[in-house]
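Scroll down for the structure; my scribbles are underneath it.
The values are calculated or read from the model by the stated rules, or taken from the named source; none is laboratory data. Bear in mind that the values here come from a model prediction, so they are computed numbers and not experimental data. FYI the Cβ positions are ideal-geometry reconstructions off the backbone, even for glycines, and counts take in every protein chain you see.
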Amino acid sequence: MPARKRPPAVLAHAVTPHLFMPDERRPLRAKSHLLRADTRVLPHSHDWAQVTMSSTGVVRLTAEHGTFIVPPSRALWIPPGVEHAVTMVEDSDVRTLYLHQPAGRCGPGVPRRDEASWRQCRVLEVSPLLRALVMALDTRPDEVDPEAGTRNPAGFGPADMHREQHLAALALDELRRASPVRIGVDLPRDKRLRTLCEAVLAEPTRHATLDAWAAEAGASPRTVARLFRQELGTTFLQWRRQVLLARALSMAAHKKPMSHIAAELGYSSASAFTAMVTRSVGAPPSRFFVAKS
């Protein structure tokens, strides 16, 4: 059966990050954009940290060493200087936080001893309070006035600044408290294996075995298996399991029943799918795919 044709991606550059630059005076900035499915923001990086989430829709973010599926119940932390690309899996109302990072520091205002885990991309649970705070933050872009030396949004006055300071302080506290989620798919450096991995990410159920994927890629199963061990330190089946978990997370965000998700991902029964999720992340789907309230 020939592979289904996907619509061409709509390529875009990073959406006006220079109009939302955080600094010591405004250490947390927020922006909002409605982006349609298959829009892809080209690879870019920032001098500041970033948190990406969506109020509606599912977003995929890809950094050098991994890709992450972000439904409305989750957010992705991206450290400063990390190149990343963003793809809209479906029409999405994307909310982005930019966080000022003092020289040599990393994290949402955490002690130095806790910074190590914030120096890599990580998926976080989004509490109802954090979501409400993000939705309440001012998302107006700066209007640069070179003569006055200011770049505040038009009409952004002392009262707005006072409100933003309170909202930002509480949002940073919620970020520090947010639980990391064990989801994400590592990506290899090797171009041959990267191409195969991208094909699996696009349509993970097209083949179920390494032999079939290797044949499609024009490589021997032994070569592909060796590259997975060398590049990612795992087997193909273990890596594909993470891809299926990410896809399941996307479907669960739309309240699809576990039986439907299991069937769509090629599992013979909901119980077989539940066993895979529990074995992989230490929690059943009823707990892992549902955000904490």
Does region 246-258 contain at least one residue that is more than 18 Å from VAL59 (Cα to Cα) and surrounded by 12 or more Cβ atoms within 10 Å (Cβ to Cβ)? yes
Output the number of the condition that VAL144 fails; it satisfies all remaining conditions of (1) under 19 Å from LEU61 (Cβ atoms); (2) over 24 Å from the mean Cα position of the chain (by Cα); (3) aliphatic (A, V, I, L, M). (1)
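Only one of these is touching a Lys or Arg at 6+ places or on another chain (Cβ under 8 Å) and not aliphatic (A, V, I, L, M): PRO257, PRO284, PRO204. Name it. Outline the logic, then answer.
Details: PRO257 fails: touching a Lys or Arg at 6+ places or on another chain (Cβ under 8 Å); PRO284 fails: touching a Lys or Arg at 6+ places or on another chain (Cβ under 8 Å).
Going through PRO257, PRO284, PRO204 in turn, the sole match is PRO204.
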Here's a check for you: in region 151-179, which residue that is among the small types (Gly, Ala, Ser) and surrounded by 15 or more Cβ atoms within 10 Å (Cβ to Cβ) is farthest from ALA132 (Cα to Cα)? ALA178
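Restrict the check to region 76-90 and report whether at least one residue is of a type in the set (Asp, Glu) and closer than 24 Å to PHE288 by Cα.
At the first step, the residues of region 76-90 found to be of a type in the set (Asp, Glu) are 83, 90.
From what's left, closer than 24 Å to PHE288 by Cα: 90.
For region 76-90, residues of a type in the set (Asp, Glu) and closer than 24 Å to PHE288 by Cα: present.
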Selection from region 26-50 of residues that are within 15 Å of the chain's Cα centre (by Cα), more than 14 Å from THR87 (Cβ to Cβ) and surrounded by fewer than 20 Cβ atoms within 10 Å (Cβ to Cβ): SER45
Residues of region 43-71 being under 23 Å from GLU24 (Cα atoms) and of a type in the set (A, V, I, L, M, F, W, C), which ones? TRP48, ALA49, VAL51
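State all residues of region 231-261 that are β-branched (Val, Ile, Thr) and more than 16 Å from the chain's Cα centre (by Cα); if no residue qualifies, say none. Outline the logic, then answer.
Of region 231-261, the ones β-branched (Val, Ile, Thr) are 234-235, 243, 261.
If the condition is that a residue be β-branched (Val, Ile, Thr) and more than 16 Å from the chain's Cα centre (by Cα), then THR234, THR235, ILE261 are the ones that fit.
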Need at least 1 residues that are among the β-branched types (Val, Ile, Thr) per element, so show me which strands (runs of 3 or more DSSP E) inside region 14-107 make the cut, counting only ones lying wholly within it. 39-44, 49-56, 59-63, 66-70, 74-78, 84-88, 92-99
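If a residue has to be of a type in the set (A, V, I, L, M) and surrounded by fewer than 19 Cβ atoms within 10 Å (Cβ to Cβ) to count, how many in region 90-123 make the cut? Steps first, please.
Taking region 90-123 as the starting set, the residues that turn out to be of a type in the set (A, V, I, L, M) are 94, 97, 99, 103, 110, 116, 123.
Narrowing further to those that are surrounded by fewer than 19 Cβ atoms within 10 Å (Cβ to Cβ): 103, 110, 116.
Qualifying residue count for the region: 3.
Determine whether SER92 is touching a residue at least 60 places away in the same chain (Cβ under 8 Å) and either in the same structural domain as VAL281 (by TED's automatic domain parsing) or small (Gly, Ala, Ser) (or both). Can you show your working first?
Numbers: touching a residue at least 60 places away in the same chain (Cβ under 8 Å): no; either in the same structural domain as VAL281 (by TED's automatic domain parsing) or small (Gly, Ala, Ser) (or both): yes.
Here the answer is no, as SER92 does not meet what is asked.
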Checking the conditions here, which among LYS292, LYS191 is loosely packed, with under 15 Cβ neighbours inside 10 Å, charged (D, E, K, R) and modelled with pLDDT under 85? LYS292
Could you list, in sequence order, the residues of region 103-125 that are out of contact with any Asp or Glu (no Cβ under 6 Å at 6 or more places or on another chain) and touching a residue at least 12 places away in the same chain (Cβ under 8 Å)? PRO108, GLY109, VAL110, SER117, TRP118, ARG119, GLN120, CYS121, ARG122, VAL123, LEU124, GLU125
Within region 205-254, considering residues that are in contact with a strand residue (DSSP E or B) (Cβ under 8 Å, 6 or more places away or on another chain) and among the hydroxyl-bearing types (Ser, Thr, Tyr), the one modelled with the lowest pLDDT: SER250
